[in-house]
Amino acid sequence: MEIFVQQVVSGLATGGIYGSVALALVMIYQATDVVNFAQGEMAMFSTYLAWSMLNAGVPYWAAFFATLAVAFVGGLAIERVVIRPVENAPVLTIVIVCIGLLVILNSVAGWLYSYIQKPFPSPFPAKPFKIGDIFFGAHDLGALGVTLLVLVVLYVFFRYTTLGLAMRAAAQNPVSSRLCGIRVGWMLALGWGFAALVGAVAGMMIAPIVFLDPNMMSGILIYAFASATLGGFTSPGGAVLGGLIVGVTENLVGTYVRFIGTELKLTVALAMILIVLLVRPSGLFGRVAVHRV
Amino acid sequence: MKRTRLVALALVGVLGPLLVAGPAAAQSPGVTPTEIKIGNTNPYSGPASAYGTIGKVIAAYFKKVNDEGGINGRKIDFVTLDDGYSPPKTVEMVRRLVEQDQVAFVFQTLGTPTNSAIHKYLNQAKVPHLFVATGATKWGDPQHFPWTMGWQPTYQTEGHIYAQYVLKNVPNAKIGILYQNDDYGKDYVKGLKDALGDAAKKLIVLEQSYEVTDPTIDSQIVNLKNSGANVFYNVTIPKFAVQAIKKAHDIGWKPLHLLNNVSASVDVVLKPAGLEASKDLITALYLKDPTDPQWRNDAGMKDWLVFMQKYYPEGNTKDAFNVYGYTVAQGLVHVLKQCGKDLSRENVMRQAANIKDLALPLLLPGIKVNTSPTDFYPIEQEQLAKFDGERWALFGEIYDAGKK
């Protein structure tokens, strides 16, 4: 029983990581209708910026918010410079541009900061605490809390603010939105900015756990895709919950199902993507996409 | 008719010089009176680019050698290409080096899968494939692959050392293993099991693997703790070693922790994981760790720092790969000096297989490079060390896998 609970707790901790990146993926999908393969590397790069500031002696929270601001502007700039020229191109073109962005950001980070992993501080206490025989990492819990907070903020933003509604409208029906006076181009750029910001939060929460290096996000991104697919690409809450489900499932399956073991954990995540796409393409909580043809 | 003659003439024109130059070049390709051309591949891009610094530091060392007059009057022309750690690309690059650039030999190509891809080709072409940068066991097989030679102690050798230590010092050992699910991880596990012998089945209570793509290894550590293991054999690359040390500490698991040499760097692994959590770790070493304070006043280390500053200022002086590359470059320079005037491929191979008790400045005191026509494992010695919270304290005798 103890091992079961400990595995669940540890699964929730890693699931929180997946969820936070999935949230950024969903954010950009909702705001721009694009699946951004460079999301992980953007988050990694933002985290390096935070690391540089912390190293220069900037206090944690100042560096945190400064990074969010820089990430926002960076995301905006990427949309304006790189994505806008291919805005109306086929989906495949945008995917390839995103993958190009992924490779570029990864290499530039390696060139600037080297490939040696670096410790990244956590704003939460370092000491784990113990309830009964179960250990809880203070940072794991804190990071999960931050992810949930971001989720609530996003929900309120997209649901109750004019800007949020305008952004959603611009992504879903650009033509009608433009007729209503919404500046669609800028809404898409804002979408990239906000997604970069959400990604930066995720990066700074993940780095204390997996340590900071240019390839930090490569594995996580796959799990984040599984989470977002499972929860539904149109549902922020679903994405976070999807992350937790993926995290716990892979731990329990890895521990209790003999033939899967630790060797096929990644396969479990990929199988989840496949099954969801076959059975319920919109995910557990997503809206079924309806397009007029 | 006229046309045929023209073609024939053209053919002679093109092939003529080749036919004349052919035999002369075949004697010792890549060697001129003033230069020797050496080929190499390294991952300067892609997922394994952390290793790329090895290629760069070797190039920097050869620059230093050239500045100081070269070897027996010849300068080294080091041609190093990026293979991105991708085996098909390695094949392409190495063929280019051999067939187009006409290098004298290939040196320090990096990676187990990448070297496997060019293993047969270089042996068929009879091009020396020297001091490959991988710890797999298969590089020391002079009978079947007389043109290939390894360099560092093999992963299996290191596994033997830990097994002997456990058998001697831990009564009632219960061993839990965490390993990377590939050739590197499996070689380490095999080494341990081989040396444990029949006892292996009884002593090993749980084996857990991870994939390089896994974000964390928390789940595996929880299982290992739960297995009741009192010895933790940690076969992980730095990224996961940091996590493993920290997580084991965080969940209150305090086994005898054997950390593989791959991740023994004080600054890269132990400091990020926490010095307190890293206390009492045991590893096997053969190189001096540049971040270990005990070598601060070591003459070899000081020379290395001066070299780094002058020839590779952008390189990281905390990175053990830069010590590794510097040392292997020195090993090659020794071989080339020993070759004297005869730099034919045969003689390079003969001299590489004839290194006797070579001590290099950044090898641990007492560890020496030795090869012979039947021994293609240059470094076979390692010494155990325990981390005292600040530095690796060497203890026990130097273990020699060559003396068995």
Quiz item: Which ones in the range B:212-251 are assigned to a loop (DSSP other than H, G, I, E, B), open to solvent by less than 40 Å² (accessible area, probe 1.4 Å) and within 9 Å of another protein chain (Cβ to nearest Cβ)?
Solution: B:214, B:215, B:216, B:217, B:251
Quiz item: Residues B:346, B:314: which one is within 14 Å of chain A (Cβ to nearest Cβ) and open to solvent by 40 Å² or more (accessible area, probe 1.4 Å)?
Solution: B:314
Quiz item: Which of (1) free of Cβ contacts under 8 Å to residues at least 60 places away in the same chain; (2) assigned to a helix (DSSP H, G or I) is the odd one out, the single condition residue A:182 does not satisfy?
Solution: (2)
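To keep it simple, each residue is scored yes or no on (1) among the β-branched types (Val, Ile, Thr); (2) under 16 Å from residue A:88 (Cβ atoms); (3) surrounded by 12 or more Cβ atoms within 10 Å (Cβ to Cβ).
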site	(1), (2), (3)
A:161	yes, no, no
A:165	no, no, yes
A:173	no, yes, yes
A:189	no, yes, yes
Exercise. Identify all residues within the range A:247-267 that are at pLDDT below 85, within 18 Å of residue A:219 (Cα to Cα) and of a type in the set (A, V, I, L, M, F, W, C); write none if there are none.
Key: A:264, A:266
Quiz prompt | Complete set of residues in the range B:126-141 that are assigned to a loop (DSSP other than H, G, I, E, B) and at pLDDT below 95 | solution = B:134, B:135, B:136, B:140, B:141
Exercise. With the condition kept exactly as written, say whether any residue in the range A:29-43 is over 18 Å from residue A:228 (Cα atoms), in a helix (DSSP H, G or I) and open to solvent by less than 10 Å² (accessible area, probe 1.4 Å).
Key: no
Quiz item: When you scan the range B:23-76, how many residues do you find that are assigned to a loop (DSSP other than H, G, I, E, B) and more than 21 Å from residue B:320 (Cβ to Cβ)?
Solution: 11
Quiz item: Which residues, taken from the range A:71-99, are assigned to a helix (DSSP H, G or I), without any contact (Cβ under 8 Å) to a residue 60 or more places away in the chain and not hydroxyl-bearing (Ser, Thr, Tyr)?
Solution: A:77, A:81, A:82, A:85, A:86, A:91, A:92, A:96, A:97
Quiz item: Can residue B:366 be described as modelled with pLDDT under 95, touching a Phe, Trp or Tyr at 6+ places or on another chain (Cβ under 8 Å) and part of a loop (DSSP other than H, G, I, E, B)?
Solution: no
Quiz prompt | Single residue of A:201, A:184 found to be open to solvent by less than 40 Å² (accessible area, probe 1.4 Å), more than 30 Å from residue A:279 (Cα to Cα), under 12 Å from the mean Cα position of the chain (by Cα) and more than 14 Å from every other protein chain (Cβ to nearest Cβ) | solution = A:201
Quiz item: Quick check: is even one residue across the range B:252-262 within 11 Å of another protein chain (Cβ to nearest Cβ), modelled with pLDDT of 90 or more and out of contact with any Ser or Thr (no Cβ under 8 Å at 6 or more places or on another chain)?
Solution: yes
Quiz item: Looking only at the range B:28-47, which residues are crowded, with 22+ Cβ neighbours inside 10 Å, in contact with a strand residue (DSSP E or B) (Cβ under 6 Å, 6 or more places away or on another chain) and not hydrophobic (A, V, I, L, M, F, W, C)?
Solution: B:30, B:39, B:40, B:41, B:42
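The values are calculated or read from the model by the stated rules, or taken from the named source; none is laboratory data. No experiment lies behind these values; they were computed from the predicted model shown. Backbone-built Cβ (ideal geometry, glycine too); neighbour counts: all protein chains shown. To get the accessible areas, we keep the full protein, side chains included, count just its heavy atoms, and leave off ligands, DNA and RNA. Shrake-Rupley method; radii C 1.70, N 1.55, O 1.52, S 1.80 Å.
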